[in-house]
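Below is one structure, written out as structure tokens; the observations come after it.
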2 protein chains.
Amino acid sequence: MQRIEEANQQAIERMVTGDPVLVDVIPAAEAISELKERMILHAGPPVEWDRMCGPMRGAVMGIAVFEGWADDLADAESKAAAGEFDFHPNHHFDAVGPMTGMTTVSQPLMVVENKTFGNRAYCAINEGLGKVMRFGGNDGEVLERLGWLRDDFGPALGRALRHVNGVPLKSLVARGLTMGDEMHQRNVACSGLTLRALSPPFVATSDDNEALAKALAFLGGNDQFFLNIAMAMGKSIMDPVRDIEGASVVTAMCRNGTDFGIRVSGTGDTWFTAPVEMPEGLYFPGFTERDANPDMGDSTIVETIGLGGFAMGAAPAVAGFVGAGAASEAGNYTRTMSEITLAENPEWTIPSMDYLGVPTGIDIRLVVETGLAPTINTGIAHREPGVGQVGAGVVRAPMACFEQALLAFADRMGVS
Amino acid sequence: MQRIEEANQQAIERMVTGDPVLVDVIPAAEAISELKERMILHAGPPVEWDRMCGPMRGAVMGIAVFEGWADDLADAESKAAAGEFDFHPNHHFDAVGPMTGMTTVSQPLMVVENKTFGNRAYCAINEGLGKVMRFGGNDGEVLERLGWLRDDFGPALGRALRHVNGVPLKSLVARGLTMGDEMHQRNVACSGLTLRALSPPFVATSDDNEALAKALAFLGGNDQFFLNIAMAMGKSIMDPVRDIEGASVVTAMCRNGTDFGIRVSGTGDTWFTAPVEMPEGLYFPGFTERDANPDMGDSTIVETIGLGGFAMGAAPAVAGFVGAGAASEAGNYTRTMSEITLAENPEWTIPSMDYLGVPTGIDIRLVVETGLAPTINTGIAHREPGVGQVGAGVVRAPMACFEQALLAFADRMGVS
């Protein structure tokens, strides 16, 4: 239909003309004025305490202690069960969060501004690997690190960013794609490019060299530092694509560890949900798939903009890490995702595929027609609260989300 | 012949067990005790003033002014022509230098120590892109930057390196190969990984934040910073492979802009030379092949250890930069170089080629038998003194070097 093609053309235009710039780090309460005490934003579509998975419960308990809303983890659990916390998706407040995706008042949020459309999107700072809150970790070490991010690293990162008027992300990601990153499970190049851009302003805005050395070592020592930046970038790119009447392009994919949810431009802010699937992947020593929690996090916003599993061809080294088969065949994932997308990104290209642009603009019609669900590269959390990451893998978005969305879309277009 | 196979086995063993670590930066006069006033080490096999190409003459004139041996460029040229400077190859003094490869008493040299064999190799610090001495630049801007490297950046880099007891290079290069570098014409990943390793100790050993910010910006702003480190690494790996009786493995390839020279393990320190060839490549705007100087520099030590043109498969993005055909076909260069080498490096592997090790140990017998000369990725200098870089391309080592070497080798083995 002509009006769908035109609407989708507009959606793609908005996606590829977005100009995301990492501009600042500010407290969540400042970034999101609606955020109040005892309010907890989480990853994925809406979910209440009784349906939350183990690691998300673990993170809720931890963040409640961190914010001073509970005396200890047991107290936090009682209060959560008693309904004392107010849960909402990050996506309802211009934000995204990896894995459990906890966002609360005092946390420092990175700010990505889409200069073309003027909107802003937010994401917390990546905590590093191992036992961390995004994977459900909640002990003293985890909370101490969150305190350092809030009191020291976050403000320092904000000063450095303001000193250089922000770091443009479009060209940085373009470069990262030539350096083996797909920006979901592999961010080593983009994290390094971020350090490169920020180490001089970090120095210029610091008068405490001990803190400075610690900050640069943290940034330089975390290969996944850029993931959270990529996520806020993805949110900032996709939000202007919401609510284009007649557009069948997916504007968000996310999961809360229980449900997978998608939103589609032409159906506004309705969530189409289905039970999350279990990633197929590789486990760290000592863990197996019996330990794994199902798919979780807002990080699929990265696939929504054509990166992550969609850009696997750029990152042959990630194929082994996520158990996605031979490294030399990584391009096949990208080619397959080209079958369910409407365009190639002209600026984000993959050298080894002769500069093929990453598959851009997931069309729910193509997903349902071809039966090819989006491929997502993901971390895997332990299913129990408090443990952390146990592996990484590949997972498909549940087809049921796209089928429901297509029915609702057809209904709205008057063709059902 | 059994004794050749055994000797080559030993050569390969020494190559792959080398453990190069970037440990320090010290003045050239300290690194190389034989280095005296008015002595100039240059790239490539031996060459005197009357046979030097334009850019090498330009660099000689510039460095003579820099060292205070001449009042100005004209004075330096007269003195060079009058035989007042003493020219020797870097390779005769444990050193290497890119392009013109000037090494003189006061310059700061990076020190790579091969921990397995205890030997050290030296290379000057990369000056950045544009008008620089290695490409024959010699004006005030060029000399001022050399002064800053000598007085400020070099000592600071040395302090940072000593503070962390050096940066191990074998694992860093392994990582760079998964990030699109081939370490000759593409070093953006390894340069970033170097910054990552060194920014905390740079901070820890500095008390002048303005100088610190300038140093980090210089390191972070130079995508080719790592090239000179890779070169010293290559020299440190290959020097222990020299002088193995019966080994037909190439231990050095280099060029002075006039002659290409190689050395072979089983024939000691004899140079086998032939006229350099002209790179085929792409030129910066405003320049054509008429402006180009023929092939130059010690940087082919990088190919000698299996990187650069030999590792093209790791760096599809470099194929376009050096005019080497389709990015998707970059692996063909690596496969071809596998035909003239004896082994795969087990630790330096290429993900997109399903972790094929880089082609290691060039055998002069295989080069002559197959007629396949080593492929080199190279920068291209302007043929006139004082201009600088005009492009980048691919060039072959002249077959005549290998034919001469094979004759001498056969003679020495008593089979001629």
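The values are calculated or read from the model by the stated rules, or taken from the named source; none is laboratory data. What you see is a predicted model, and the numbers here were worked out from it, not measured in a lab. A quick note on method: Cβ atoms are made from the backbone with ideal geometry, for glycine too, and the neighbour counts reach across all protein chains shown.
Quick notes
- Count of region B:207-216 residues, restricted to those that are surrounded by 19 or more Cβ atoms within 10 Å (Cβ to Cβ) and more than 7 Å from every other protein chain (Cβ to nearest Cβ), is 1.
Per-residue answers, yes or no, for (1) out of contact with any His (no Cβ under 9 Å at 6 or more places or on another chain); (2) in contact (Cβ under 8 Å) with a residue 60 or more places away in the chain; (3) not β-branched (V, I, T):
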{"site": "A:V111", "(1), (2), (3)": "yes, yes, no"}
{"site": "A:N119", "(1), (2), (3)": "yes, yes, yes"}
{"site": "A:I125", "(1), (2), (3)": "yes, yes, no"}
{"site": "A:F135", "(1), (2), (3)": "no, yes, yes"}
{"site": "A:D139", "(1), (2), (3)": "yes, yes, yes"}
{"site": "A:P155", "(1), (2), (3)": "yes, yes, yes"}
{"site": "A:G158", "(1), (2), (3)": "yes, yes, yes"}
{"site": "A:N165", "(1), (2), (3)": "yes, yes, yes"}
{"site": "A:D181", "(1), (2), (3)": "yes, yes, yes"}
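- Within region B:349-366, considering residues that are of a type outside the set (G, A, S) and within 13 Å of another protein chain (Cβ to nearest Cβ), the one surrounded by the most Cβ atoms within 10 Å (Cβ to Cβ): B:I350
- Filter result (over 26 Å from the mean Cα position of the chain (by Cα), in a loop (DSSP other than H, G, I, E, B) and charged (D, E, K, R)) within region B:59-92: B:D71, B:D72, B:E84
- The set of residues in region B:1-24 that are surrounded by fewer than 17 Cβ atoms within 10 Å (Cβ to Cβ) and among the aliphatic types (A, V, I, L, M) contains only B:M1.
- Flag if B:A232 is crowded, with 22+ Cβ neighbours inside 10 Å, of a type outside the set (K, R) and either at pLDDT 95 or above or not in a strand (DSSP E or B) (or both): yes
- Boolean, A:E144 is more than 29 Å from A:G313 (Cβ to Cβ), of a type in the set (D, E, K, R) and surrounded by 17 or more Cβ atoms within 10 Å (Cβ to Cβ): no
- When the residues of region B:325-348 are filtered to those that are within 26 Å of B:V249 (Cα to Cα) and of a type in the set (A, V, I, L, M), the one that is nearest to the other protein chains (Cβ to nearest Cβ) is B:A330.
- Taking region B:192-205 as the range and being more than 7 Å from chain A (Cβ to nearest Cβ) and either modelled with pLDDT under 95 or in contact with a helix residue (DSSP H, G or I) (Cβ under 7 Å, 6 or more places away or on another chain) (or both) as the test, the residues that pass are B:T194, B:L198, B:P201, B:F202, B:T205.
- Test: residue in region B:296-304 that is of a type in the set (D, E, K, R) and out of contact with any helix residue (DSSP H, G or I) (no Cβ under 7 Å at 6 or more places or on another chain): no
- Test result for B:L149, aliphatic (A, V, I, L, M) and over 19 Å from A:M179 (Cβ atoms): yes
- Pairs with Cβ under 6 Å, 6+ apart, first in region A:371-385 and in the same structural domain as A:G257 (by TED's automatic domain parsing) and surrounded by fewer than 23 Cβ atoms within 10 Å (Cβ to Cβ), second part of a strand (DSSP E or B) and not hydrophobic (A, V, I, L, M, F, W, C): A:A373/A:R396
- Filtering A:L372, A:L366 for residues that are of a type in the set (A, V, I, L, M, F, W, C) and out of contact with any helix residue (DSSP H, G or I) (no Cβ under 9 Å at 6 or more places or on another chain) leaves a single hit, A:L366.
- So A:A29, is it in a helix (DSSP H, G or I) and more than 19 Å from A:G386 (Cβ to Cβ): yes
- Output for region B:386-416, where each listed residue is surrounded by 16 or more Cβ atoms within 10 Å (Cβ to Cβ), part of a loop (DSSP other than H, G, I, E, B) and β-branched (V, I, T): B:V387
- Annotation for region B:324-342: no member residue is under 22 Å from B:L172 (Cβ atoms), in contact (Cβ under 8 Å) with a residue 40 or more places away in the chain, surrounded by fewer than 24 Cβ atoms within 10 Å (Cβ to Cβ) and not charged (D, E, K, R).
- Within region B:175-191, tally of residues that are within 7 Å of chain A (Cβ to nearest Cβ) and polar (S, T, N, Q): 1
- Among residues of region B:260-289, those that are among the small types (G, A, S) and closer than 17 Å to B:M413 by Cβ, counted: 3
- Matching residues in region A:53-85 - criterion: being touching a strand residue (DSSP E or B) at 6+ places or on another chain (Cβ under 7 Å) and free of Cβ contacts under 8 Å to residues at least 60 places away in the same chain: A:V60, A:F85
- Test: residue in region A:354-367 that is within 22 Å of B:L356 (Cβ to Cβ) and of a type outside the set (A, V, I, L, M, F, W, C): yes
- Here region A:25-60 is the region considered, the condition is being in contact with a Lys or Arg (Cβ under 9 Å, 6 or more places away or on another chain) and among the hydrophobic types (A, V, I, L, M, F, W, C), and the residue that is surrounded by the most Cβ atoms within 10 Å (Cβ to Cβ) is A:A59.
- Note on region A:240-307: enclosed strands (runs of 3 or more DSSP E) holding 1 or more residues that are buried (at least 24 other Cβ atoms within 10 Å of the Cβ) and in contact (Cβ under 8 Å) with a residue 12 or more places away in the chain are A:250-256, A:259-264, A:272-275.
- Checking A:G180, A:G192 one by one, the residue that is closer than 16 Å to B:G221 by Cα and crowded, with 24+ Cβ neighbours inside 10 Å is A:G192 and no other.
- Here B:P168 fulfils each of the conditions (1) within 19 Å of B:A252 (Cα to Cα); (2) surrounded by fewer than 24 Cβ atoms within 10 Å (Cβ to Cβ) apart from (1).
- Cβ-Cβ under 9 Å pairs, at least 6 apart or on other chains, region B:3-23 side farther than 15 Å from B:A230 by Cβ and of a type outside the set (D, E, K, R), far side at pLDDT below 95 and surrounded by 15 or more Cβ atoms within 10 Å (Cβ to Cβ): B:I4/B:M413
- Count of region B:106-124 residues which are part of a loop (DSSP other than H, G, I, E, B) and surrounded by 23 or more Cβ atoms within 10 Å (Cβ to Cβ): 1
- Being hydrophobic (A, V, I, L, M, F, W, C) and either surrounded by 24 or more Cβ atoms within 10 Å (Cβ to Cβ) or modelled with pLDDT under 95 (or both) is a description that applies to A:F135.
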